[in-house]
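Peer 1: Please read through the structure below; I'll follow up with questions.
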Amino acid sequence: MITIIDYGMGNLKSIQNIVQKVGGEAIISYDVNEIMHADKIILPGIGAFDNGMKNLNERGLIPVLQKKVMQEKTPFLGICLGMQLITRKSEEGALEGLGWIDAETIKFKSLSNNLKIPHMGWNYVVVKKNSNLFKGMCENPRFYFVHSYYVVCKNENDILTTTEYGFNFASAVEKDNIYATQFHPEKSHKFGMKLMENFVKNV
Amino acid sequence: MYRNRIIPCLLLKDKALVKTVQFYKPRYIGDPLNAVKIFNDKGADELLLIDIAVSKEKRTINFDLLSKIASQSFMPLSYGGGIHNIKDMKKIFSIGFEKTSINSSALSDPNIITKASETFGSQSIVVSIDVKKDIFGRYYVYNHVAKKNISLDPLEYAKKVEKLGAGEVLLNSVDNDGLMKGYDLELIRKISSSLSIPVIALGGAGTQEDLKKAVQAGASAASAGSLFMFYGPNRAVLINYF
């Protein structure tokens, strides 16, 4: 069973919809016991960094997530804010992040070519390393993005995909059992379905 | 490479999918769920659903239909129509939509924009601005509930809603709606060059070329209704996408 972490930050129903669509089972929960028994964990999220950390903290979810992901090595997928929260810190807030990957989250500064902020819409990704998440993915996969902040990895090996928006940034990361995407696979048609199917069946 | 979004705009009236001309004469097109399924299969970039009757008829939002739409769509979804408060928005997001579009409620109480963007993040708040020319060709914001222009300059209003926290502006030309003769490019240029948030152009697209022109004029995304619903000179109903 996959557990989708409910910490009051965004669109959980559509994540559950897509997991079911690709043949998996998922519950939406903030119950520590339920999370303890999760086979896989998804941390979605839309909104501000500090609100995200604050809500995780208030619901007492940080210790159980640390234990599951960092000690037990439970497969983990962070989406959008869920990717940013696993970095050490963000320019968007003052609170410390989960720090599971050696990275920081920073804001898009003024971009050339009339590119607007937030980066909102469909964009392509370039896969940087062999990954189960992209197994059998069709060529030139594109995904739906909505974000004003992006992740900068200290260790280049952690970068799974890059995307160009004025410059190349890390649009997905992978480190051991930890996967995270800046884009929204749950809103990215067949490309997102394939990625989610891979997370459900192949990691 | 970033792709500018092409967004079918689906108008709902009661439980039916309709299409208007200059905001009048809603013509029955078909079943909205069937149309959404087609756009989903064709891989549409995003969908915009607007209930054109709910504000006028003071009905409640059709959450049941929206829920059915969301459960079978794997693309970004926006909904507009009859949203009066944060509670309505919360319910729409929990169903599986990522954006809410507000129009008359933003006109009557602009503070709802700030409240909403502080609660849900500005990226999920679209402010829809209907614009109509007067007989001298001057642009005014149009109130679709009162069916008249109000003494509000669209550019001033657009700047104001950006400042209040809107994440996007849906810029709709009432004069061009349903005519399929092209967007009001002058209007798109004027508004999008003065805003730093994305502008979605709506109203008048009749060809794929029109969509490109809207983007060239500065729109971040091009939305259309008739273009994706009609085929041929007699406007036979045919739901289509590229």
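Peer 1: Just checking, which of A:189, A:184 is within 14 Å of chain B (Cβ to nearest Cβ) and either basic (Lys, Arg) or under 16 Å from the mean Cα position of the chain (by Cα) (or both)?
Peer 2: On the way: A:189 fails: either basic (Lys, Arg) or under 16 Å from the mean Cα position of the chain (by Cα) (or both).
Sole residue among the options that is within 14 Å of chain B (Cβ to nearest Cβ) and either basic (Lys, Arg) or under 16 Å from the mean Cα position of the chain (by Cα) (or both): A:184.
Peer 1: A further question follows. Take residue A:116 and decide whether it is part of a loop (DSSP other than H, G, I, E, B), without any contact (Cβ under 8 Å) to a residue 40 or more places away in the chain and touching a Ser or Thr at 6+ places or on another chain (Cβ under 7 Å). Let's see the steps before the verdict.
Peer 2: Working: part of a loop (DSSP other than H, G, I, E, B): yes; without any contact (Cβ under 8 Å) to a residue 40 or more places away in the chain: yes; touching a Ser or Thr at 6+ places or on another chain (Cβ under 7 Å): yes.
The answer is yes for residue A:116.
To keep it simple, each residue is scored yes or no on (1) without any contact (Cβ under 8 Å) to a residue 60 or more places away in the chain; (2) part of a loop (DSSP other than H, G, I, E, B).
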position	(1), (2)
B:84	yes, yes
B:90	yes, no
B:93	yes, no
B:114	yes, no
B:117	yes, no
B:123	yes, no
B:126	no, no
B:132	yes, no
B:135	yes, yes
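Peer 1: Same structure, new question: Looking at B:238, B:202, which is the one that is under 23 Å from residue B:31 (Cα atoms), surrounded by 21 or more Cβ atoms within 10 Å (Cβ to Cβ) and not charged (D, E, K, R)?
Peer 2: Numbers: B:238 fails: surrounded by 21 or more Cβ atoms within 10 Å (Cβ to Cβ).
One residue alone meets the criteria, B:202.
Peer 1: May I pose another question? Report whether or not residue A:168 is within 13 Å of chain B (Cβ to nearest Cβ) and at pLDDT 95 or above. Before you say what the answer is, go through the steps one by one.
Peer 2: On the way: within 13 Å of chain B (Cβ to nearest Cβ): yes; at pLDDT 95 or above: yes.
Judged against the criteria, residue A:168 is a match.
Peer 1: Out of (1) buried (at least 16 other Cβ atoms within 10 Å of the Cβ); (2) not in a strand (DSSP E or B), what's the single condition that is false for residue A:162?
Peer 2: Just one mismatch for residue A:162, condition (2).
Peer 1: Take the residues in the stretch A:128-147 that are basic (Lys, Arg) and part of a loop (DSSP other than H, G, I, E, B), then tell me which one is farthest from the other protein chains (Cβ to nearest Cβ).
Peer 2: We begin by selecting, within the stretch A:128-147, every residue basic (Lys, Arg); these are A:128-129, A:135, A:142.
Filter once more, so that each one left must be part of a loop (DSSP other than H, G, I, E, B): A:128-129, A:135.
Numbers: A:128: 17, A:129: 21, A:135: 19 Å.
Once the filter is applied, the top-ranked residue is A:129.
Peer 1: Can you pull out every residue in the stretch B:47-97 that is more than 8 Å from every other protein chain (Cβ to nearest Cβ) and at positive phi?
Peer 2: B:58, B:81, B:82
Peer 1: Which members of the stretch B:1-46 meet the condition of being within 13 Å of another protein chain (Cβ to nearest Cβ) and of a type in the set (Gly, Ala, Ser)?
Peer 2: Residues satisfying the conditions are B:43, B:44.
Peer 1: Could you list all residues from the stretch A:76-109 that are surrounded by fewer than 17 Cβ atoms within 10 Å (Cβ to Cβ), part of a loop (DSSP other than H, G, I, E, B) and either at negative phi or touching a Pro at 6+ places or on another chain (Cβ under 9 Å) (or both)?
Peer 2: Once the filter is applied, which keeps residues that are surrounded by fewer than 17 Cβ atoms within 10 Å (Cβ to Cβ), part of a loop (DSSP other than H, G, I, E, B) and either at negative phi or touching a Pro at 6+ places or on another chain (Cβ under 9 Å) (or both), the stretch A:76-109 yields A:88, A:91, A:94, A:95, A:96, A:102, A:109.
Peer 1: Here is a list: B:169, B:126, B:161, B:131. Which entry is at pLDDT 95 or above, touching a Lys or Arg at 6+ places or on another chain (Cβ under 9 Å) and buried (at least 21 other Cβ atoms within 10 Å of the Cβ)? Walk me through it before giving the result.
Peer 2: Details: B:169 fails: touching a Lys or Arg at 6+ places or on another chain (Cβ under 9 Å); B:161 fails: touching a Lys or Arg at 6+ places or on another chain (Cβ under 9 Å); B:131 fails: touching a Lys or Arg at 6+ places or on another chain (Cβ under 9 Å).
That would be B:126, the only listed residue that is at pLDDT 95 or above, touching a Lys or Arg at 6+ places or on another chain (Cβ under 9 Å) and buried (at least 21 other Cβ atoms within 10 Å of the Cβ).
Peer 1: Please determine, by comparing only the residues of the stretch B:181-190 that are surrounded by 22 or more Cβ atoms within 10 Å (Cβ to Cβ) and either out of contact with any Asp or Glu (no Cβ under 8 Å at 6 or more places or on another chain) or without any contact (Cβ under 8 Å) to a residue 24 or more places away in the chain (or both), which one is farthest from the other protein chains (Cβ to nearest Cβ). I'd like the intermediate steps shown before the answer.
Peer 2: Quick first cut of the stretch B:181-190, residues surrounded by 22 or more Cβ atoms within 10 Å (Cβ to Cβ) only: B:183-184, B:187-188.
Filter again for either out of contact with any Asp or Glu (no Cβ under 8 Å at 6 or more places or on another chain) or without any contact (Cβ under 8 Å) to a residue 24 or more places away in the chain (or both), leaving B:187-188.
Numbers: B:187: 18, B:188: 13 Å.
Only one residue fits best here, namely B:187.
Peer 1: Let me ask another. For residues in the stretch B:98-112 being part of a loop (DSSP other than H, G, I, E, B) and over 16 Å from the mean Cα position of the chain (by Cα), which is nearest to the other protein chains (Cβ to nearest Cβ)? Spell out how you get there, then give the answer.
Peer 2: If we filter the stretch B:98-112 for residues that are part of a loop (DSSP other than H, G, I, E, B), which is where we start, we get B:98, B:103, B:109-110.
Now restrict to residues that are over 16 Å from the mean Cα position of the chain (by Cα): B:109-110.
Values: B:109: 23, B:110: 21 Å.
Of everything passing the filter in the stretch B:98-112, B:110 is nearest to the other protein chains (Cβ to nearest Cβ).
Peer 1: Here's something else I'd like to know. Does residue A:129 qualify as being surrounded by fewer than 23 Cβ atoms within 10 Å (Cβ to Cβ) and in contact (Cβ under 8 Å) with a residue 40 or more places away in the chain? First the steps, then the outcome.
Peer 2: Working: surrounded by fewer than 23 Cβ atoms within 10 Å (Cβ to Cβ): yes; in contact (Cβ under 8 Å) with a residue 40 or more places away in the chain: yes.
Considered against the rule, which asks whether it is surrounded by fewer than 23 Cβ atoms within 10 Å (Cβ to Cβ) and in contact (Cβ under 8 Å) with a residue 40 or more places away in the chain, residue A:129 comes out as yes.
Peer 1: While we're here: Working only within the stretch A:59-75, note down all residues that are farther than 21 Å from residue A:105 by Cβ and assigned to a helix (DSSP H, G or I). Before you say what the answer is, go through the steps one by one.
Peer 2: Here is the first cut: in the stretch A:59-75, the residues farther than 21 Å from residue A:105 by Cβ are A:59-60, A:63-64, A:67-68, A:71-75.
Selection gives A:63, A:64, A:67, A:68, A:71.
Peer 1: So which of A:61, A:43 is in contact (Cβ under 8 Å) with a residue 40 or more places away in the chain, among the aliphatic types (A, V, I, L, M), surrounded by fewer than 21 Cβ atoms within 10 Å (Cβ to Cβ) and away from every other protein chain (no Cβ under 14 Å)? Lay out the reasoning, then the answer.
Peer 2: On the way: A:43 fails: surrounded by fewer than 21 Cβ atoms within 10 Å (Cβ to Cβ).
The match here is A:61.
Peer 1: Please go through the stretch B:191-212 and pick out each residue that is more than 14 Å from chain A (Cβ to nearest Cβ), farther than 13 Å from residue B:5 by Cα and part of a helix (DSSP H, G or I).
Peer 2: B:209, B:210
Peer 1: Which of the numbered conditions does residue A:123 fail, given that it passes all the others? Conditions: (1) within 14 Å of chain B (Cβ to nearest Cβ); (2) under 27 Å from residue A:193 (Cα atoms); (3) in a loop (DSSP other than H, G, I, E, B).
Peer 2: Going through (1) within 14 Å of chain B (Cβ to nearest Cβ); (2) under 27 Å from residue A:193 (Cα atoms); (3) in a loop (DSSP other than H, G, I, E, B) one by one, residue A:123 breaks only (3).
Peer 1: Every residue in the stretch B:162-191 that is touching a strand residue (DSSP E or B) at 6+ places or on another chain (Cβ under 8 Å) and closer than 14 Å to residue B:127 by Cβ, please.
Peer 2: B:162, B:165, B:166, B:167, B:168, B:169, B:170, B:171, B:172, B:191
Peer 1: Pick from the stretch A:7-21 the residues that are in contact (Cβ under 8 Å) with a residue 40 or more places away in the chain and surrounded by fewer than 18 Cβ atoms within 10 Å (Cβ to Cβ): which of them is farthest from the other protein chains (Cβ to nearest Cβ)?
Peer 2: Our first condition is that a residue be in contact (Cβ under 8 Å) with a residue 40 or more places away in the chain; within the stretch A:7-21, this holds for A:7-11, A:14-15, A:17-19, A:21.
Restricting the remaining residues to those that are surrounded by fewer than 18 Cβ atoms within 10 Å (Cβ to Cβ) gives A:8, A:21.
Numbers: A:8: 10, A:21: 7 Å.
Among those residues, the one meeting the criterion is A:8.
Peer 1: Now, a different point. Within the stretch B:177-185, is even one residue at pLDDT 95 or above, outside any loop (DSSP other than H, G, I, E, B) and at negative phi? If you could, list the steps in order and put the result at the bottom.
Peer 2: Looking only at the stretch B:177-185, we keep the residues that are at pLDDT 95 or above, and these are B:177-185.
Okay, now just the ones that are also outside any loop (DSSP other than H, G, I, E, B), so B:185.
Remaining after also requiring at negative phi: B:185.
Checked the stretch B:177-185: at least one residue is at pLDDT 95 or above, outside any loop (DSSP other than H, G, I, E, B) and at negative phi.
The values are calculated or read from the model by the stated rules, or taken from the named source; none is laboratory data. Source: prediction; values computed, not measured. Neighbour counts run over all protein chains shown; Cβ positions are idealised from the backbone, glycine included.
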